[in-house]
Amino acid sequence: DKAAADSLVELLAVQGGVQVVGTAHSETAAADWLLQRSEPSDLLITDLMLLPGGSGFGIISHARNLGTFRHIAVFSNFVTPAVAQRCKSLGADAAFFMSELEGLLDYVRSLRDTKQAQA
């Protein structure tokens with residue numbers, strides 16, 4: 001959902017203190033965008049339901065294989081314990097149900113704070 005993604009981008013910038021470098025709304029568009037990335041980035045966040053067609057499972061695998069993201073998180077309405085385990089087996093570091101927005105923001109902030117402490 002483009003409106004939800006746009007809201008999340010704004011929320012991540014304002015409350016997470018991060019710079020969003022790109023968005024995609026389908027698995028194909030995300031895969032194309034990933035292939036064009038030459039610079040490593042800190043975090044990729046994906047939903048599991050990417051319309052039209054595709055899924056976040058493919059994006060997790062693709063991003064992990066390319067090695068362009070240090071961390072991968074899932075943020076979806078479809079996260080169950082079994083789904084979270086599958087996401088982690090594909091290479092995701094964390095998985096959050098969409099009602100766990102504060103948990104996602106805390107995760108983003110902790111990554112940001114760790115990066116700043118290492119700099």
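The values are calculated or read from the model by the stated rules, or taken from the named source; none is laboratory data. Here the structure is a predicted model, which means the values were calculated and not measured. Cβ: placed from backbone, ideal geometry, glycine included. Neighbour counts: every protein chain shown. For accessibility, only protein heavy atoms count, side chains too; no ligands or nucleic acids. Shrake-Rupley method; radii C 1.70, N 1.55, O 1.52, S 1.80 Å.
Given the condition under 23 Å from residue 38 (Cβ atoms) and more than 13 Å from the chain's Cα centre (by Cα), answer yes or no: does some residue in the stretch 59-66 qualify? Can you show your working first?
Within the stretch 59-66, the subset under 23 Å from residue 38 (Cβ atoms) is 59-66.
Checking which are more than 13 Å from the chain's Cα centre (by Cα) leaves us with 65-66.
Within the stretch 59-66, one or more residues are under 23 Å from residue 38 (Cβ atoms) and more than 13 Å from the chain's Cα centre (by Cα).
The residues of the stretch 84-99 that are touching a residue at least 24 places away in the same chain (Cβ under 8 Å) and open to solvent by 30 Å² or more (accessible area, probe 1.4 Å), listed by number, are 86, 90.
Is it the case that residue 111 is part of a helix (DSSP H, G or I) and open to solvent by 80 Å² or more (accessible area, probe 1.4 Å)? In short, no. When every residue of the stretch 81-91 is checked against the conditions, none turns out to be at pLDDT 95 or above, in contact with a strand residue (DSSP E or B) (Cβ under 9 Å, 6 or more places away or on another chain) and within 17 Å of residue 5 (Cβ to Cβ).
For beta carbons closer than 7 Å, sequence separation of 6+ or different chains, a first residue in the stretch 70-83 that is over 16 Å from residue 54 (Cβ atoms) and a second that is surrounded by fewer than 13 Cβ atoms within 10 Å (Cβ to Cβ), the qualifying pairs are 70/40. Residues in the stretch 39-78 that are within 17 Å of residue 98 (Cα to Cα), part of a helix (DSSP H, G or I) and either hydroxyl-bearing (Ser, Thr, Tyr) or open to solvent by 10 Å² or more (accessible area, probe 1.4 Å) (or both): 57 alone.
Restricting to the stretch 27-38, give me the number of residues that are open to solvent by 60 Å² or more (accessible area, probe 1.4 Å) and either in contact with an Asp or Glu (Cβ under 6 Å, 6 or more places away or on another chain) or outside any loop (DSSP other than H, G, I, E, B) (or both). Qualifying residue count for the region: 5.
Only one of 45, 60 is of a type in the set (A, V, I, L, M, F, W, C) and touching a Cys at 6+ places or on another chain (Cβ under 7 Å); which?
Sole residue among the options that is of a type in the set (A, V, I, L, M, F, W, C) and touching a Cys at 6+ places or on another chain (Cβ under 7 Å): 60.
Residue 18 passes every criterion in (1) modelled with pLDDT of 90 or more; (2) open to solvent by 40 Å² or more (accessible area, probe 1.4 Å); (3) touching a helix residue (DSSP H, G or I) at 6+ places or on another chain (Cβ under 6 Å) apart from (1).
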